[in-house]
Each structure stands twice: as structure tokens, then as C-alpha cells.
Amino acid sequence: MPTAQSLSESIQAFHLEQRARGVSPHTARAQKGDLEKLLHHAISSRWDSWEIKPRTLRRFALELGERGLEPASQARILSTARAYFHWLFETQRIPSDPATGLRNPKQPQKLPAFLTEGESKSLLDLGPVVDFLSARLNCLLEILYASGLRVSELTGLDLQDILREERTLRVVGKGNKERLVPFHEAASEVLDSYLSFRQAFLAEKGLPPSAALFLNQRGGRLTPTSVRSFLGSALESVALRAHISPHALRHSFATHLLNHGMDLRAIQELLGHASLSTTQRYTHLDMEQLAKTYESAHPRAHKS
């Protein structure tokens, strides 16, 4: 039966090399804990050395799941194991790498956070528009919810990207792919109000004309970071649920359209998703809401 010392010597050498490469202390600590789990399994399973078959290593992966570890924790441990066995192979300590085909457990799909229709209405009815800043915030919120744009796409809009007669925005998305996104009449009215305040703001400050639609207080293009800050404050001001980010307006846009019957492929086009599978996660949200409604409505769903 192998001893902990005989199996741990190469682990210690691996740690020394990792530190020499400048791996962060946090990463080094995580790797140490991960490989301790691998070492414990190796000793308890009576491995003679690290020269093992892939199926032997897969048993270690199965044990992690049986121990009830979260998939993310399992994935991190297996990532460390792959790095370790690759190092063993590269340094000719073993003749082949048994971790080459070692896969992480399937991660549960994380559903995007979104606002209810009531919360969206509260957010868009923050207060009266009285100056450039309030008009800008109102327009940012309205256009995001009306179009489902990413924040970076919103700040990238120029005045010439507004096609007024068609009530459409020309948007440059990921991979510099251009798409046309419509906006409704209410959003058009909010946009007109903002443009009026924008023009007066430039004149009052004596600032030169700008191609950018959304401006900062110096007359330059508003940055995505600034927009996220403004919108984060707006979300807090209406006391919405915790952990709702500005990106939730995009998710809300898609979810509400789906709930009201829009075709999934049409939503894919509006969002600028390259793959329909990315858009399909909104069907999970729809079914989640449907299940909640069913539980509250079906007479046999209630416990006596």
C-alpha cells in the first residue's frame, strides 16, 4: 500500500513550480486543497503511483459528486487535477496523461434575473423630467426596456443611428454585427424629450456638437460604466429586489415579449444572439412563471 509521502512528493514539486511561475497565493491555496482531496482518494483507493488509467481518474470525479460537492466546486477540483496530470506528463513523470478526456460535471443553467412588468413600470415612472440629467436617465431606461439593447450597444449609438420615420435603431452588437431594432411610440416621445434637453444643454454649456446620442456632462460620449452606475442607483431608488443589475432590463425585455406571445426567433433577432440556444433560456423563465401560476391556481395543488 502506498504511503502519503510516496504520492505527495510530486505534488510538493508541482506546488514549488507553480509558486516559481508566480501563481497567486489564492490560486496556490485552492490548488493545494484540491490536490489534497486527490491525494486522499489515491491513498484510500490504493494507487501505486500517479501512472493510472483514465477510468481510474474518472472514479475520483464520480466520488466528488457522491460527496455532494457543488458542480462548480467539482469543476475547480477537476481543473486542478488536469493541470497536475498535464504537468506530470510534461515533466516525464508519467508516460501518458490520464486526465486528457476528464470532463467537468454539467453545470446547472443559471437563469437571468429579470423584472416583473409591475417593477418595470415603477422603474420607468421614477419622477418628472425637469432637466438634462433627469431626461437622460428617463431616456436611458425607456430605450433599454423598449429595445433590449446591451448597455455597451446603447452608449455606442450615434444620432444618425436613429431612423425616425421607421422608429428603428441601427445597432452594432458583438462581433461588429449590425442589426435594426424597433422602438415603440412611447419610447419615441421620451427620446424626443431627451433630444430637446440635449440640444439646450449643449447650447447652455457652449459645447460643440457631438455625434453620440447619450452625452456626459462634458459633452462627450457617455460610457457603459457610467450608465451602469446611473441605472444601479435607479434600481435601488424604487426598492426593487436585491441583486438586480442594469442588464436585467434586457432580460426583462425578452421575457415580457415571450410572455406576450412573440416568437422566440424574432426575439433572437432583436437581442442579436448568434445562436437560438442562447435565447432559449428565456423559455425556462417563462415555464418557471407558468409553474408558479399553476401552483397557485390549481385546486388540487394546495395541501389541505
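Run down LEU126, LEU141 and say which single residue is part of a loop (DSSP other than H, G, I, E, B), of a type outside the set (Lys, Arg) and either more than 21 Å from the chain's Cα centre (by Cα) or closer than 20 Å to ARG228 by Cβ (or both).
LEU126
Quick check on my filter: what residues within the stretch 55-73 are modelled with pLDDT of 90 or more and either under 25 Å from the mean Cα position of the chain (by Cα) or of a type in the set (Ser, Thr, Tyr) (or both)?
Within the stretch 55-73, THR56 is the sole residue that qualifies.
So which of ARG241, ARG281, ARG221 is charged (D, E, K, R) and at pLDDT 85 or above?
ARG221
Test each condition in (1) under 28 Å from the mean Cα position of the chain (by Cα); (2) in a helix (DSSP H, G or I) for LEU149 and report the one that comes out false.
Of (1) under 28 Å from the mean Cα position of the chain (by Cα); (2) in a helix (DSSP H, G or I), only one is false for LEU149: (2).
List the residue pairs whose Cβ atoms are under 8 Å apart, where the first residue sits in the stretch 109-125 and is over 15 Å from SER245 (Cα atoms), the second is at pLDDT below 75, and the two are 6 or more positions apart or on different chains.
Listed pairs, sorted by first residue: GLN109/ARG281; GLN109/HIS284; SER122/VAL238; SER122/LEU240.
For (1) modelled with pLDDT of 95 or more; (2) hydroxyl-bearing (Ser, Thr, Tyr); (3) surrounded by 15 or more Cβ atoms within 10 Å (Cβ to Cβ), each residue gets a yes or a no:
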site	(1), (2), (3)
THR100	no, yes, no
GLU117	no, no, no
VAL129	no, no, yes
TYR145	no, yes, yes
ASP161	yes, no, yes
VAL172	no, no, yes
GLU178	no, no, no
ASP192	yes, no, no
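ALA186 passes all but one of (1) surrounded by fewer than 16 Cβ atoms within 10 Å (Cβ to Cβ); (2) modelled with pLDDT of 95 or more; which number fails?
(2)
Tell me yes or no: at least one residue of the stretch 221-229 is within 22 Å of ALA266 (Cβ to Cβ) and touching a helix residue (DSSP H, G or I) at 6+ places or on another chain (Cβ under 6 Å).
No, that holds for no residue.
Sort out which residues of the stretch 152-183 are in a loop (DSSP other than H, G, I, E, B) and of a type in the set (D, E, K, R), and write them in order of number.
ARG164, GLU165, GLU166, ARG167, LYS177
Working only within the stretch 43-63, note down all residues that are small (Gly, Ala, Ser) and part of a helix (DSSP H, G or I). Spell out the reasoning first.
At the first step, the residues of the stretch 43-63 found to be small (Gly, Ala, Ser) are 44-45, 49, 61.
Answer for the stretch 43-63, where residues must be small (Gly, Ala, Ser) and part of a helix (DSSP H, G or I): SER44, ALA61.
Considering only the stretch 64-75, I want to know if a residue exists there that is part of a loop (DSSP other than H, G, I, E, B), in contact (Cβ under 8 Å) with a residue 40 or more places away in the chain, surrounded by 12 or more Cβ atoms within 10 Å (Cβ to Cβ) and among the hydrophobic types (A, V, I, L, M, F, W, C).
No: the stretch 64-75 contains no residue that is part of a loop (DSSP other than H, G, I, E, B), in contact (Cβ under 8 Å) with a residue 40 or more places away in the chain, surrounded by 12 or more Cβ atoms within 10 Å (Cβ to Cβ) and among the hydrophobic types (A, V, I, L, M, F, W, C).
For the stretch 1-22, give me each residue that is closer than 18 Å to TRP87 by Cα, in a loop (DSSP other than H, G, I, E, B) and touching an Asp or Glu at 6+ places or on another chain (Cβ under 9 Å).
Listed by number, the list is empty, since nothing qualifies.
List every residue pair whose Cβ atoms lie under 8 Å apart, where the two residues are 6 or more positions apart in sequence or sit on different chains, the first residue falls within the stretch 198-217 and is not assigned by TED's automatic domain parsing to the domain that holds VAL172, and the second residue, located anywhere, is loosely packed, with under 13 Cβ neighbours inside 10 Å.
From the stretch 198-217, no pairs qualify.
The values are calculated or read from the model by the stated rules, or taken from the named source; none is laboratory data. On a predicted model such as this, the values are computed, not experimentally measured, just so you know. In this analysis, Cβ positions are derived from the backbone assuming ideal geometry, glycine residues included, and neighbour counts consider all displayed protein chains.
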